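Visitor: This structure is in structure tokens; I'll ask about it shortly.
The values are calculated or read from the model by the stated rules, or taken from the named source; none is laboratory data. As the structure is a prediction and not an experimental result, all values here were calculated from the model. Cβ placement follows ideal geometry from the backbone for every residue including glycine, while neighbour counts extend to all protein chains displayed.
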């Protein structure tokens, strides 16, 4: 479903070059839910943006649903839904409903499909009371719910979430987790980054751990727990970083 092969991403300004991704290679099978783990600056968001065709790799290639992200970006965009932390992509002067209708139109949904999808998402996220209010007056949590709905409005095959529960209260976070379970039952392919290890352990089949732009682990959680003789993801992650540091030092 997603094939990432030798991807490097460099950002260049007048004086310096920053390598955000270093020869990253891994694959995600259809229906998998992958937790993307790493400290701030590890390259998680850059990787997600590159998969979503918002950035082009400096080296390597990415294929999504059999389509190269550089050769057929429009085909890739049809198949994915994207939500990046801190970037809701919403228009403040429009109501929540109008925002969702606008994005549904961009994806070519009919008026009937749009109404059904909006009603379903509003019920799922408890947005009915403010669906017809302008987004400009919303709290962070309310915006996040609309943003997640915007990501799912066209019923995408592949969903990329960057810190999806940021700004959500406990109840809303639980609703999101129930949503992920539902999406998994529907056979969706999901990659999401999170600093909440318990969230990854609860929702994901596998994990991809990143450090300084490099992949330090990618595989099933079951195999990871077995190899590390622990189910404590915080401990496992920090342990891998320590070992990686020792590798650099040698």
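Visitor: Which numbered condition in (1) surrounded by 15 or more Cβ atoms within 10 Å (Cβ to Cβ); (2) in contact with a strand residue (DSSP E or B) (Cβ under 7 Å, 6 or more places away or on another chain); (3) farther than 16 Å from residue 215 by Cα is the only one that residue 30 fails?
Guide: Of the numbered conditions (1) surrounded by 15 or more Cβ atoms within 10 Å (Cβ to Cβ); (2) in contact with a strand residue (DSSP E or B) (Cβ under 7 Å, 6 or more places away or on another chain); (3) farther than 16 Å from residue 215 by Cα, the odd one out for residue 30 is (1).
Visitor: Related question: Would you pick out the residues in segment 144-164 that are assigned to a loop (DSSP other than H, G, I, E, B) and either crowded, with 23+ Cβ neighbours inside 10 Å or at negative phi (or both)?
Guide: 153, 154, 156, 157, 164
Visitor: Residue by residue through segment 107-143, note down the ones that are within 24 Å of the chain's Cα centre (by Cα), at pLDDT 90 or above and not in a helix (DSSP H, G or I).
Guide: 107, 108, 109, 127, 138
Visitor: Let me ask something else. Give the residue, chosen from 222, 199, that is under 30 Å from residue 122 (Cβ atoms) and in a helix (DSSP H, G or I).
Guide: Just a single option satisfies the conditions, and that option is 199.
Visitor: So for segment 219-226 (the condition being farther than 16 Å from residue 34 by Cβ and loosely packed, with under 14 Cβ neighbours inside 10 Å), does at least one residue qualify?
Guide: Yes: segment 219-226 contains one or more residues that are farther than 16 Å from residue 34 by Cβ and loosely packed, with under 14 Cβ neighbours inside 10 Å.
Visitor: While we're looking at this one, here's another question. Return the only residue of 37, 83 being buried (at least 22 other Cβ atoms within 10 Å of the Cβ), touching a residue at least 40 places away in the same chain (Cβ under 8 Å) and closer than 28 Å to residue 138 by Cα.
Guide: 83
Visitor: Can you tell me which residues in segment 100-118 are in contact with a helix residue (DSSP H, G or I) (Cβ under 9 Å, 6 or more places away or on another chain) and under 20 Å from residue 176 (Cα atoms)?
Guide: 100, 117, 118
Visitor: Same structure, new question: For residue 58, indicate whether it is under 27 Å from residue 9 (Cβ atoms), surrounded by 21 or more Cβ atoms within 10 Å (Cβ to Cβ) and modelled with pLDDT of 95 or more.
Guide: no
So that you can scan it fast, the table gives a plain yes or no per residue for (1) part of a loop (DSSP other than H, G, I, E, B); (2) more than 30 Å from residue 110 (Cα to Cα):
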| site | (1), (2) |
| --- | --- |
| 178 | no, no |
| 181 | no, no |
| 187 | yes, no |
| 230 | yes, yes |
| 239 | no, yes |
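Visitor: Count, please, the residues in segment 165-208 that happen to be under 20 Å from residue 43 (Cβ atoms) and crowded, with 20+ Cβ neighbours inside 10 Å.
Guide: 10
Visitor: So if I check each of 48, 21, which one is within 26 Å of residue 145 (Cβ to Cβ), surrounded by 15 or more Cβ atoms within 10 Å (Cβ to Cβ) and touching a residue at least 60 places away in the same chain (Cβ under 8 Å)?
Guide: Among 48, 21, only 48 is within 26 Å of residue 145 (Cβ to Cβ), surrounded by 15 or more Cβ atoms within 10 Å (Cβ to Cβ) and touching a residue at least 60 places away in the same chain (Cβ under 8 Å).
Visitor: Going through segment 202-219 one residue at a time, which ones are assigned to a loop (DSSP other than H, G, I, E, B) and over 22 Å from residue 81 (Cα atoms)?
Guide: Matches in segment 202-219: 212, 213.
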